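Undergrad: Got a structure here, written out as structure tokens. Questions coming.
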Amino acid sequence: MTTGTPRLPAERIPIGETFELGSHAVTEEEIIRFASEWDSQYFHVDRASAREGPFGGLIASGIHTLAIYQRLSVTGLFDGYDVIAGKELRQVRFLRPVRPGDVLSGSVIIDSVAPDGSGRATVMTSGSLRNQDDVVVLDVQVEALVSSSYSPGPDTAPTRSGS
């Protein structure tokens with residue numbers, strides 16, 4: 001979405017709809033660069049040692065895989081909505097290794113949108129990344145806060161004890 005373009009409120013997010021998020025080609029250079037800075041375990045950064053390790057070669061860090069999902073979900077869907085912040089990662093499952101040359105495609109389902117105080121809503125999503133062989137490599141459930149036009153009525157305002 002272009003800077004300055006109005007973003008939509010939570011009420012405009014279509015519950016139950018599945019969105020395809022596009023794809024990202026993972027390179028060996030990217031895996032090593034990311035892991036060198038953020039997760040420098042040998043099977044992410046050292047080709048020779050990784051060949052002898054449990055995965056038989058370099059694999060992407062799980063955090064790198066999650067970052068790819070985040071990027072695809074923002075550029076493919078959430079950049080059009082007035083997101084306030086992430087709230088909770090309810091479930092993150094790394095199901096298969098991500099290797100150099102993999103092309104990851106993402107999808108997200110909008111599970112629910114619920115008021116969460118004046119001016120915001122909690123949006124629950126379920127998402128995944130699949131490789132070029134249509135094998136799921138990441139499964140994730142995310143809760144985020146999105147701006148909302150919801151405003152509680154006077155009978156839903158919090159009360160103080162003893163008042």
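Undergrad: Taking the Cβ-Cβ separation of Phe55 and Asp139 as r and a Förster radius of 25 Å, what is the calculated FRET efficiency to the nearest 0.05?
TA: Efficiency, from the Cβ-Cβ distance: 0.85.
Undergrad: What percent does the relative contact order of the chain come to when contacts are Cα pairs within less than 8 Å and at least six residues apart?
TA: Relative contact order, the chain: 28 percent.
Undergrad: Spin-label point model (7 Å from Cα, Cβ direction): what's the Glu30 to Asp46 distance in nm?
TA: Reported label-point gap for Glu30 and Asp46 is 2.5 nm.
Undergrad: Nearest 20 debye, what's the magnitude of the dipole of the chain about its Cα centre given +1 on Lys and Arg Cβ and -1 on Asp and Glu Cβ? Kindly include the intermediate steps, with their values, before the conclusion.
TA: On the way: 14 positive and 21 negative charges, 48 e Å.
The calculated dipole for the chain is roughly 240 debye.
Undergrad: While we're looking at this one, here's another question. What distance in nm separates the two pseudo spin-label positions at Ala114 and Ser126, each 7 Å out from Cα along the beta-carbon direction?
TA: About 1.6 nm, to one decimal.
Undergrad: Moving on. Rank these residues by their accessible area, most exposed first, probe 1.4 Å: Phe55, Phe19. Intermediate values should be presented prior to the final figure.
TA: On the way: Phe55 75, Phe19 40 Å².
The ordering from most to least exposed comes out as Phe55, Phe19.
Undergrad: Okay, next question. Gain in length, Arg90 to Thr5, computed as 0.36 nm per residue apart minus the alpha-carbon separation, to one decimal in nm?
TA: Extra length from Arg90 to Thr5 when fully extended: 27.5 nm.
Undergrad: When the helices in the chain are scored as -39500 (n - 2.57) per DSSP H run of 4 or longer and the sum is shared across all residues, what 222 nm value do you end up with, to the nearest 500 deg cm²/dmol?
TA: Rounded to the nearest 500, the figure is -6000 deg cm²/dmol.
Undergrad: Ok, one more. Roughly what angle does helix 28-38 make with the longest principal axis of the chain, taking Cα atoms, 0 to 90 degrees, to the nearest 10?
TA: 60
The values are calculated or read from the model by the stated rules, or taken from the named source; none is laboratory data. Since the structure is predicted, the reported quantities are computational estimates derived from the model, not experimental observations. Neighbour counts run over all protein chains shown; Cβ positions are idealised from the backbone, glycine included. With ligands, DNA and RNA removed, areas are computed over all heavy atoms of the protein, side chains included. Shrake-Rupley method; radii C 1.70, N 1.55, O 1.52, S 1.80 Å.
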